[in-house]
Amino acid sequence: MFKQFLSKLPRKSSKSDSASKQDSPRSSSPRTQSNSRAGSSGAGLEASKSNGGNLGSGRASSAKRMSSAVFPASMVAGIEPLVPFKDVPNAEKMNLFVSKVSLCCVTFDFTDPSKNTVEKDVKRQTLLELVDFVASRSMKFSEPAILAMCRMCAVNLFRDFLPNYRSHSSGGGGENDDDEPMFDPAWPHLQLVYELLLKFVTSSCLDAKIAKKYIDHSFILRLLDLLDSEDPRERDCLKTILHRTYGKFMVHRPFIRKSINNVFYRFVLETERHNGVAELLEVYGSIISGFALPLKEEHKIFLWRVLIPLHKPKSLGVYFQQLSYCITQFIEKEPKLASVVIQGLLNCWPVTNSQKEVMFLGELEEILEAVNMVEFQKIMVPLFWRIGCCINSLHFQVAERALFFWNNDHIVNLVAHNRHEILPIIIPVLERNAQSHWNPAVLHLTLNLRKMFIEMDDELFASCHAQFKEEEAKLSLASEKRKEAWERLENAASLQPIAGNAVLVTPSVTSISC
């Protein structure tokens, strides 16, 4: 039976003999009919399969030849290689391409390396040959070839990850997670399929107007689902393919942006667990760089509702670099967004997480490097109030990072032009650090910054310092008054008679050691 299938494939025989073998009826493939993954490549694939006879007389013959090469999964053991492309005339190469692609629709169990070793090698060699053929860009892809290619990618790539496939099952994925990523045992074949899909999408021989029917919304959604893979190699391939797909199919661009937004919404508002957030942000960073000016309201909403809330999850460290790049891209496009971004960061400031505070401070410095004077003045008071709190932090890394702001000449220039508003906020902070901070490095940086402010405006510094001393005296006096009031209350309570069953607890009782 299996030899009958192979006899229908293109060989080095004469064209008439090959044509006569294509007239046999289509063999139904149990895998194509029963495997839902093959059908997940979109409505376009299903429409083409049901209307394949309407493609014209010339395409009908190609469709028959293509479908006859879809091998049933039950016949894996007898799989054999097809003839090389160089051994067939140019007129037959596209039909041979369809047959080879359909041959690769057979999947194997890679958890057991000893099973189907010969057949796996045949498939691997076929995939390598297909990669070389697509890279050669020798001829335009026909519609049956595009259909077969999308079906093969659906069968091999689109799959659901088992619950035990992910190591971050408890809402994790944080920057301190020591779990090793899980590598898919089928990667040697998956890598070739991804490479083939990338070269296919980027090929100049692929007509986007035809391919958009098969690389449709459903196909793109399944690609996005795969970005939750635990294997970093797979996510890296998907990132590149998604970016090239966005560039190739202009009609799909709004849908791709919307779908990525939905992934981010689900991550921030529901799960806080997704392995591909960094890769998606990297793709979006390149998309932002291509935005036209002035920015559309859609893009600004993405900044407010997606990028800023992405600072909240615990796993920020995993994707912080890519997120920061997207933020700075927006500000470079439209500088007046800087005050909005800074206010958003201040609203979600991680007051109980020192590592995230250091990251936030680093991002703030990058934003301030690109901010203009007008936007800076809108936000400088709450901004430097927060920076002052960080300078007083008992965590030395947070305090150091906040003090390093004044190593940036642009920030120093902004502060100097607005020193009458900023120095009254920062100088009391520096005085408290100079009096009581435990870390020598922080103390040294604090004294250097005090010296800088004295040189910047000694009269203003003296005025702020005198005001600080006055405030300290008031606070000290208020503290003494509170202490005296408590002492009077304790004395009055000790002189009152015990009423009923009440028991007066004296300091001598509470000081008994356990």
- Query: Just the accessible area per residue of segment 377-491, please: how many Å² with a 1.4 Å probe?
  - Reply: 58 Å²
- Query: Fully extended, how many nm does the chain gain between LEU295 and ASN413 (0.36 nm per residue separation, minus their Cα-Cα distance)?
  - Reply: 39.6 nm
- Applying the gyration tensor rule to the Cα atoms of segment 377-491 (axes a ≥ b ≥ c; rounded if a/c under 1.5, else prolate if a/b exceeds b/c, else oblate), the class is prolate
- Keeping the other protein chains in place, figure out the carbon and sulfur percent of the accessible area of segment 377-491, with a 1.4 Å probe. 54 percent
- Message: When a/c reaches 1.5 or more, the comparison of a/b and b/c decides; with that in mind, is segment 273-314 rounded, prolate or oblate per its Cα gyration tensor?
- Response: oblate
- Among 466-475, 235-244, how do they line up from the highest to the lowest mean number of other beta-carbon atoms within 10 Å? 235-244, 466-475
- What's the local net charge at PHE461, with K and R +1, D and E -1, over the other residues with C-beta under 14 Å away? -1
- Note on the structure: Expected vector for segment 395-401, Karplus 3J(HN,Hα) from phi with 6.51, -1.76, 1.60 and θ = phi - 60°, integer Hz, x for Gly and Pro, equals 7, 5, 5, 5, 4, 4, 5
- Note on the structure: Lys and Arg at +1, Asp and Glu at -1: neighbours of ARG266 with Cβ under 10 Å from its Cβ sum to -1
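The values are calculated or read from the model by the stated rules, or taken from the named source; none is laboratory data. This one's a predicted model, so the numbers in the text were calculated from it and none came from an experiment. All Cβ positions, glycine included, derive from the backbone under ideal geometry; neighbour counts span all protein chains shown. Surface areas here come from the heavy atoms of the whole protein model, side chains and all, with no ligands, DNA or RNA. Shrake-Rupley method; radii C 1.70, N 1.55, O 1.52, S 1.80 Å.
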